[in-house]
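J.: My questions will all concern the structure given below.
FYI, it's all coordinate maths here, none of it is from the lab. Computed from a predicted structure; not experimentally measured. Don't worry about glycine lacking a Cβ; one is built from the backbone with ideal geometry, like all the others, and counts go over all protein chains shown.
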Amino acid sequence: MDTTTHFHLYAERRARVAAQLGAGGIAIVPTAPERSRNRDSEFLFRHDSYFYYLTGFTEPNAWLVITADGETTLFCQPKDLEREIWDGIRMGPEAAPSHLGMSQAFSVAELDQRLPRLLENRHTVWYPFATHKGLEGRVDGWLQSVRARVRYGALCPEVQRDLCGVLDEMRLIKDAHEQGIMRRAARISARAHIRAMQRSAAMLSAGQDVREYHLDAELLHEFRQHGSQYPAYSSIVAAGANACVLHYRADNAAIRDGELVLIDAGCELDGYASDITRTFPANGRFTGPQRVLYDLVLASQEAAIAATQPGNRFVDPHEATVKVLTQGMLDLGLLDKNQVGTLEDAIEHRHYFAHYMHRTGHWLGMDVHDCGSYVEPSELGTVSERKDPLSGETIRDRPSRILRPGMALTIEPGLYVRPSDRIPREFWNIGIRIEDDAIVTEHSCELISRDVPVKADDIEALMRG
């Protein structure tokens, strides 16, 4: 639990929230619920990201209340020696104010009793919309209790507002503390990828039966070996044609000599995610066709990295990637020039979508697909309409987000070639994705995940070792 070391960090974040609530504002933030896995066991608990961002508190069954005057109230599990024998030590409301810097703390059993009084005579109640099932109903119940006291002079909040917008903007810019954790998480994940690559080559060289789950086991071992709490998401370990399934999960498919393996995996460390993808030859040696496609994807990533700098738009790396990939598809015969026309035509009509169907990146932070608007807030009123060439639907575009120092995002181009009579056979069933984690700096971006090699020659050298 990261509570005492960064006491002032969380207090400063709560103060920033309080300053944005407006006169008479009050904010309510619950942590995540515990969830049953089966019968009498539960899934491993993982805190709510918003709640943790403001508290550093990892216990379940907890709520945070912040008022515009800066007062903070924590509701948490009470001390219970019998339950603590089974479930672990609880901080308890008596210790929480001094350990977490809260104004006051109470047992979560008193939540329904105390919340209406905290809401009394407030103008606006803020909470995260559409993130916690049933939260709106809980708020309605507390407001009904406030209304029942209007005859005694109590005023009921007249406005409800979404707290996600305030917190999303705060979380979008990572401070030095957050960047430090993310760098450590990326280093751990990079080591895990290296371990999986080398295990693949070693087992094949020894004539052993290699399965996707063998490499998944290497990832999990390395994550935990270096203190990561768990994977940031379900790891993708995709052998051969499985790599053409974007959200494939590590299963029991055989890893065969001569095929590629795509691993998309990252650990979560102290609440922050990493997200790395590498594609490598199972035996440590690229074939000619594999190398051609791999170098194309890497060239497109290099173009995207060059476009990831402050002042550019979030969409710029994607557009740089698409231009390089589409030209490569035309050059290699993945797209027929006689049918799709020029590079500009192929991009305008999204012909590349047959082999590259996802975006080049997403925000990264406490959540692997982190919060934060992809539209520039200062330009929300600027809207243009266009018809999507594939679906035919009308899309309303707003200006893409301007990149600023402290923003963290992934850069992950890919190329996926399924069998087709229109495509050279040597490229069939090849799926390649290369993904790195980047933090925007004052003049460019810092790639924090490059402890695992990315160039084909370097991957081959690593796997020989």
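J.: Give the dimensionless ratio obtained when the Cα radius of gyration of segment 125-169 is divided by 2.2 N^0.38 Å.
T.: This ratio for segment 125-169 stands at 1.33.
J.: List every residue whose amide H lies under 5 Å from the amide H of residue 211, counting only residues 5 or more places away in sequence or on a different chain, with H placed 1.01 Å from N in the peptide plane.
T.: Answer set, sorted by chain and number: 255.
J.: Chymotrypsin sites (Phe, Trp or Tyr not before Pro), restricted to segment 413-451: which are DSSP loop and have at most 15 other Cβ atoms within 10 Å?
T.: Sparse-neighbourhood loop chymotrypsin sites (Phe, Trp or Tyr not before Pro): 428.
J.: Give me 221, 132, 193 ranked fewest to most by other Cβ atoms within 10 Å of their Cβ, as a rough exposure proxy.
T.: Ordered from fewest to most neighbouring Cβ atoms within 10 Å, 221, 132, 193 come out as 221, 132, 193.
J.: Another question, if that's okay. What percent does the relative contact order of the chain come to when contacts are Cα pairs within less than 8 Å and at least six residues apart?
T.: 13 percent
J.: Calculate the dipole size of segment 7-169 relative to its Cα centre from +1 charges on Lys and Arg beta carbons and -1 charges on Asp and Glu beta carbons; express the result in debye to the nearest 20.
T.: 300 debye
J.: Still on this structure: List the residues whose amide H sits under 5 Å from the amide H of residue 230, counting only those 5 or more places along or on another chain, with H placed 1.01 Å from N in the peptide plane.
T.: 268
J.: For segment 7-169, report the convex hull volume of the alpha-carbon atoms normalised per residue, in Å³, without decimals.
T.: 125 Å³
J.: Tabulate in residue order the Karplus-calculated ³J(HN,Hα) for segment 444-458, using 6.51 cos²θ - 1.76 cosθ + 1.60 with θ = phi - 60°, rounded to whole Hz; enter x for Gly and Pro.
T.: Values per residue, Gly and Pro as x: 7, 8, 10, 8, 9, 10, 8, 5, 9, x, 10, 6, 4, 4, 5 Hz.
J.: Run through segment 104-191 and list the GluC sites (Glu not before Pro) located in a DSSP loop whose Cβ has at most 13 other Cβ atoms within 10 Å.
T.: The qualifying sites are 158.
J.: Take the alpha-carbon positions of segment 158-245, form their convex hull, and give its projected area averaged over all directions (one quarter of the hull surface) in nm².
T.: So the mean shadow area of the Cα hull is 9.1 nm².
J.: 5 Å is the cut-off here: which amide hydrogens, built 1.01 Å from N in the peptide plane, fall below it relative to residue 25, excluding neighbours closer than 5 in sequence?
T.: Residues meeting the criterion, in which the H sits 1.01 Å from N, are 68, 123, 124.
J.: Go through segment 113-167 and name the trypsin sites (Lys or Arg not before Pro) that are in a DSSP coil and have 10 or fewer other Cβ atoms within 10 Å of their Cβ.
T.: Passing both the DSSP loop test and the Cβ count: 133.
J.: Something else now. How large is Rg/Rh for segment 173-464, to two decimals, with Cα atoms and a Kirkwood Rh?
T.: 0.97
J.: Write down the percent of antiparallel bridges among all DSSP beta bridges whose residues are both part of the chain, to the nearest 5.
T.: Antiparallel bridges: around 80 percent, rounded to the nearest 5.
J.: Here is a follow-up. If you place +1 on the Cβ of every Lys and Arg and -1 on the Cβ of every Asp and Glu, how big does the dipole about the Cα centre of segment 173-464 come out, in debye to the nearest 20?
T.: The dipole magnitude comes to about 380 debye.
J.: With unit charges on the beta carbon (Lys/Arg positive, Asp/Glu negative), name the residue among 339, 144, 55 whose Cα is farthest towards the positive pole of the charge dipole of the chain.
T.: So the residue furthest toward the plus end is 144.
J.: Once each part is reduced to its C-alpha centroid, what is the distance from segment 40-110 to segment 245-315 in angstrom?
T.: Result: 39 Å between the Cα centres.
J.: Oh, and also: Would you calculate a helix-derived [θ] at 222 nm for the chain, using -39,500 (n - 2.57) for each DSSP H run of n ≥ 4 and dividing by the full residue count, to the nearest 500?
T.: Only helices count here, giving -11000 deg cm²/dmol.
J.: Something else about it: Hey, can you rank 20-26, 456-462 by average C-beta count inside 10 Å, highest first?
T.: The packing order, highest mean first, is 20-26, 456-462.
J.: Okay, next question. May I ask you to sort 200, 274, 36 by Cβ crowding, counting other Cβ atoms within 10 Å and putting the fewest first?
T.: Ordered by Cβ neighbours within 10 Å, fewest first: 36, 200, 274.
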